[in-house]
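S.K.: There's a structure below that I have some questions on.
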Amino acid sequence: MIEFRNVTKTFKVGKNEVAAVKNVSLQIDKGDIYGIIGFSGAGKSTLLRLVNMLERPTNGTVHIQGTDVGKLPAKKLRTQRQNIGMIFQNFNLFQSRTVAGNIAYPLKLAGISKAKIQSRVNELLQFVGLEDKAKHYPEQLSGGQKQRVGIARALASSPDILICDEATSALDPNTTADILRLLKKVNSDLGITILLITHEMGVIQSICNKVAIMENGEVIEKGRVFDTFTDPQHETTQRFIQSVQQDLPSEQVLKEWTESGGGTLYRILFKGDSAIDPILSTTARKYDIDFNIVYGSVRELEERLFGNLIISFIGDSDKTNQVIQELEKIVDIKEVYASWQ
Amino acid sequence: MAVDWSTFWPRILEATGETLIMVIATLIFGSIFGIVIGLLLFVTRENNILENKVVFQLLNFLINIIRPIPFIIFLVAISQLTRLVMGTTIGTAAAIFPMTIVASFTIARVVENNLVSIDPGVIEAAKAMGASPLRIIFTVLIPEALGPLILGLTFVSIALIDFSAVAGTVGGGGLGHIAMTYGYQRFDASVMIVTVLILIVMVQIAQWLGNTISKKIMRR
């Protein structure tokens with residue numbers, strides 16, 4: 001659907017050349033909700049703008065449905081852009097137009113008749129849940145409502161692709177969740193491929209199926225969201241994941257645990273099906289030992305379960321080792337060392 | 001020397017009419033040229049929709065040399081050009097020419113300033129939707145800047161009342177001419193007071209009109 005091939009984008013800052021995007025290759029498939037995450041200045045915003053040629057690549061090419069968009073002449077590029085809806089962190093609504101006027105704008109660009117525009121606008125207002133706001137001006141709306149208008153406007157010309165530039169970063173947590181639900185609906189009900197950039201791992205976790213992590217203009221890790229969350233490779237990726245899920249108790253709690261004579265702690269990761277099977281209790285029962293869950297979580301990623309438990313075993317140490325050996329065959333189990341040990 | 005008011009009132013009326021014609025005609029022509037120049041200045045800026053260094057520098061240079069010249073000096077300085085274009089350097093029509101030039105460049109700057117205050121994100125959004133540069137000018141830039149633009153034009157039209165008076169002193173006709181010949185050269189304070197009052201009323205009406213229209217557009 002969208003393919004970046006060895007894309008580099010450099011900007012001139014004074015006399016220096018700064019590379020915002022360095023040799024990025026990515027493939028976004030039809031139906032994906034593909035998230036690109038990075039800290040500010042990582043180059044993700046520039047990368048997103050290469051999709052609709054708001055920025056042009058210095059090197060490399062961007063292909064949409066097989067077409068090299070960088071090679072399109074101006075007029076064809078404008079037609080191509082009508083097939084790529086875009087929403088923004090600050091909504092970028094036309095202040096001089098009503099909600100209905102904003103949504104009608106791309107339809108007027110496409111040269112659609114007045115009557116058809118009217119019915120399409122109503123349809124879109126209903127889709128985003130703003131039927132009663134058609135005649136309001138953007139300044140009369142809340143942030144969440146503005147972004148709904150932004151989404152309706154981006155969807156007006158029935159695009160195949162929606163690109164989102166930090167679409168929820170200016171919104172409070174509740175509104176963010178609403179907008180993310182709406183984006184999910186855009187993807188599942190309308191079959192629109194979504195490419196989004198964010199600095200919030202929570203956004204990736206709740207709606208994306210694939211993720212790329214960017215740092216200093218480069219993609220340092222990419223893959224399915226489930227795999228990336230359950231087995232992050234890069235240090236920056238781990239930092240992002242820790243921002244939404246703390247996988248270990250705090251140092252303070254670990255210290256107290258050891259000082260109060262608590263036994264060795266083990267960390268067990270359950271992925272997918274193993275999160276549902278009662279592996280832990282069956283194995284422990286088999287060797288007749290007890291276990292104590294000290295800390296942990298089970299969460300859903302890409303509609304699969306992922307568990308992270310910190311446990312200690314109570315009982316004979318030989319038997320404990322046997323249990324661990326048995327568990328190792330099925331799940332990921334590691335001894336937990338606190339940093340002071 | 002006392003003034004014969006019975007013959008004087010018609011003269012005042014005529015002069016008021018001349019001033020109005022100068023101001024309104026200048027405002028119309030000045031707005032047309034000024035908006036075009038201001039838009040060109042904005043869209044040819046660096047990183048804008050029709051970036052063009054040569055056009056931008058040229059326009060910017062022109063504005064910067066014309067605007068600082070005091071109007072009365074400019075008026076005299078271009079009198080040869082005025083004669084060439086208008087056929088005369090005396091009278092209301094002749095005054096409109098230099099006034100239009102100055103108004104155009106002043107309005108151009110006002111327009112540019114208003115356009116700069118438009119959120120660049122809105123322009124980017126229109127671009128992302130597939131709008132052409134010309135389309136962006138007419139359907140985004142102008143409507144988005146219109147409210148403050150009307151206030152800017154009001155400001156300019158009040159300055160034009162001032163300019164018309166200056167033009168009046170060097171043969172341009174209008175209230176300036178009357179104030180000058182009767183009030184200044186004949187030391188007749190009563191005529192001066194009448195013209196000043198009329199000018200004040202004009203300015204008030206212009207400002208009220210501008211505020212009302214822009215309020216309607218900006219809905220505030």
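The values are calculated or read from the model by the stated rules, or taken from the named source; none is laboratory data. Computed from a prediction, not measured in an experiment: that's the story for all the values here. Cβ sites come from the backbone with ideal geometry, for glycine too, and all protein chains shown count toward neighbours. We work out accessible area using only protein heavy atoms, side chains counted, and drop any ligands, DNA or RNA first. Shrake-Rupley method; radii C 1.70, N 1.55, O 1.52, S 1.80 Å.
S.K.: In Å and on Cα atoms, what radius of gyration and Dmax does segment A:49-95 show?
M.R.: 11.9, 37
S.K.: Still on this structure, I have one more. Once the whole set of protein chains is in place, how much accessible area is left on residue A:287, using a 1.4 Å probe, in Å² to the nearest 10?
M.R.: 50
S.K.: How many nm is it between the label spots at residue A:5 and residue B:189, if each spot is 7 Å from the Cα in line with the beta carbon?
M.R.: 8.8
S.K.: Follow-up. Output the relative contact order of chain A, whole-number percent, from Cα pairs under 8 angstrom with separation of 6+ residues.
M.R.: Relative contact order of chain A: 17 percent.
S.K.: May I ask you to derive the relative contact order of segment A:278-321, considering only C-alpha pairs under 8 Å and at least 6 residues apart, and to give it as an integer percent?
M.R.: Details: 48 pairs, mean separation 16.4, N = 44.
Value for segment A:278-321: 37 percent.
S.K.: Are any of the pairs A:22/B:127; A:222/A:319; A:15/A:210; A:210/A:286; A:9/A:76; A:71/A:210 more than 30 Å apart by Cα-Cα distance, and if so, which?
M.R.: Numbers: A:22/B:127 25 Å; A:222/A:319 40 Å; A:15/A:210 38 Å; A:210/A:286 39 Å; A:9/A:76 22 Å; A:71/A:210 28 Å.
Pairs exceeding 30 Å: A:222/A:319; A:15/A:210; A:210/A:286.
S.K.: Report the accessible area of residue B:119, computed with a 1.4 Å probe over the heavy atoms of all protein chains in place, in Å² rounded to the nearest 10.
M.R.: The value for residue B:119 is about 70 Å².
S.K.: Which distance in nm do the two modelled labels at residue A:79 and residue A:118 give, with both placed 7 Å along the Cα-to-Cβ direction?
M.R.: Placing both labels 7 Å along Cα→Cβ, they lie 2.9 nm apart.
S.K.: Applying the Karplus parametrisation 6.51 cos²θ - 1.76 cosθ + 1.60 with θ = phi - 60° to the phi angles of segment A:115-132, what ³J(HN,Hα) value in whole Hz is obtained for each residue in order, glycine and proline being reported as x?
M.R.: 5, 5, 4, 3, 6, 5, 4, 4, 4, 5, 4, 5, 4, 8, x, 10, 3, 7
S.K.: Name the residue from A:187, B:133, B:108 whose Cα lies farthest towards the positive end of the charge dipole of the protein assembly as shown, charges +1 on Cβ of Lys and Arg and -1 on Cβ of Asp and Glu.
M.R.: Most positive-ward Cα: B:108.
S.K.: Let me ask something additional. Given an 8 Å cut-off on Cα distances and at least 6 residues of separation, report the relative contact order of segment A:251-335 as a percent.
M.R.: On the way: 122 pairs, mean separation 34.2, N = 85.
Answer for segment A:251-335 is 40 percent.
S.K.: From largest accessible area down, sort A:15, A:184, A:210; use a 1.4 Å probe on the protein chains. Before the final figure, lay out the partial values.
M.R.: Values: A:15 200, A:184 75, A:210 35 Å².
If we order A:15, A:184, A:210 from most to least accessible, we get A:15, A:184, A:210.
S.K.: From the mean inverse distance of alpha carbon pairs (Kirkwood) and the Cα radius of gyration, derive Rg over Rh for segment A:3-82. Show your work: numbers first, answer last.
M.R.: Details: Rg = 13.0 Å, Rh = 13.3 Å.
In segment A:3-82, Rg relative to Rh is 0.98.
S.K.: A further question on this structure: Counting partner chain Cβ atoms within 10 Å of every residue's Cβ in B:143-149, what's the average?
M.R.: Numbers: counts 5, 4, 1, 1, 2, 0, 0.
Taking all residues of B:143-149 together, the mean is 2.
S.K.: Still on this structure: Return the Rg/Rh value of segment B:11-218, two decimal places, where both radii are evaluated on C-alpha atoms and Rh is the Kirkwood radius. Each step should come with its number before you reach the end.
M.R.: Values: Rg = 19.3 Å, Rh = 18.4 Å.
My calculation of the ratio gives 1.05.
S.K.: Compute the length gained on full extension between residue A:220 and residue A:235: take 0.36 nm times their separation in residues and subtract their Cα-Cα distance, giving the result in nm to one decimal.
M.R.: Values: separation 15, 0.36 × 15 = 5.40 nm, distance 0.98 nm.
In short, 4.4 nm is gained.
S.K.: So for the pair residue B:11, residue A:251, with labels modelled 7 Å out along Cα→Cβ, what separation do we get in nm?
M.R.: In this crude label model, residue B:11 to residue A:251 measures out at 9.4 nm.
S.K.: Hey, what's the Cα Rg ratio for segment A:64-178 versus the globular rule of thumb, 2.2 N^0.38 Å?
M.R.: On the way: Rg = 14.6 Å, N = 115, 2.2 N^0.38 = 13.4 Å.
The reported ratio for this selection is 1.09.
S.K.: Which whole number of Å³ per residue matches the convex hull of the alpha-carbon atoms in segment A:238-334? Mind dumping the intermediate values first?
M.R.: Working: hull volume 9.2 nm³, N = 97.
It is 95 Å³ per residue.
S.K.: Taking only Cα atoms and a 10 Å spring cutoff, compute GNM fluctuations for chain A and point out the largest among A:278, A:159, A:57.
M.R.: Maximum among the listed residues: A:278.
S.K.: Round to the nearest 0.05 the FRET efficiency obtained for residue A:65 and residue B:117 when R0 = 45 Å and r is the Cβ-Cβ distance.
M.R.: Values: r = 38 Å, r/R0 = 0.86.
Efficiency, from the Cβ-Cβ distance: 0.70.
S.K.: Where in segment A:137-156 is the amide nitrogen less than 16 Å from a point lying 7 Å along the Cα-to-Cβ axis of residue A:188?
M.R.: Hits in segment A:137-156 for residue A:188 at 16 Å: none.
S.K.: Also, quick follow-up: For chain A, what does the equivalent ellipsoid look like in terms of its semi-axes, each the square root of 5 times an eigenvalue of the Cα gyration tensor, given largest first in whole Å? Before the final figure, lay out each step's value.
M.R.: Values: eigenvalues 428, 110, 63 Å².
Each semi-axis is the square root of five times an eigenvalue, giving 46, 23, 18 Å.
S.K.: Please identify which residues in segment B:62-95 have an amide N closer than 18 Å to a label point set 7 Å out from the Cα of residue B:181, following the Cα→Cβ vector.
M.R.: Only B:89-95 fall inside the zone, counting backbone N under 18 Å.
S.K.: What translational diffusion coefficient, to the nearest whole µm²/s, does segment B:48-104 have by Stokes-Einstein, given a Kirkwood radius computed over alpha-carbon pairs, a temperature of 25 °C and 0.890 mPa s viscosity?
M.R.: Numbers: Rh = 12.7 Å.
Rounded to a whole number, D works out at 193 µm²/s.
S.K.: Okay, next question. Of the candidates B:163, B:74, B:61, which one comes out as most mobile in a Gaussian network treatment of chain B with C-alpha springs shorter than 10 Å?
M.R.: Looking only at B:163, B:74, B:61, the biggest GNM fluctuation is shown by B:61.
S.K.: Can you work out the Karplus-derived ³J(HN,Hα) for every residue in segment B:14-26? Use 6.51 cos²θ - 1.76 cosθ + 1.60 with θ = phi - 60°, whole Hz, and x for glycine or proline.
M.R.: 4, 5, 4, x, 4, 4, 4, 4, 4, 5, 5, 4, 4
S.K.: Over the alpha-carbon set of segment B:116-177, work out the extent along each principal axis and list the three values in angstrom, largest first.
M.R.: Principal extents (largest minus smallest coordinate, Cα): 55, 18, 13 Å.
S.K.: Place a +1 charge on the Cβ of each Lys and Arg in chain B and a -1 charge on the Cβ of each Asp and Glu, then give the dipole magnitude about the Cα centre in debye, rounded to the nearest 20.
M.R.: Details: 13 positive and 11 negative charges, 62 e Å.
The calculated dipole for chain B is roughly 300 debye.
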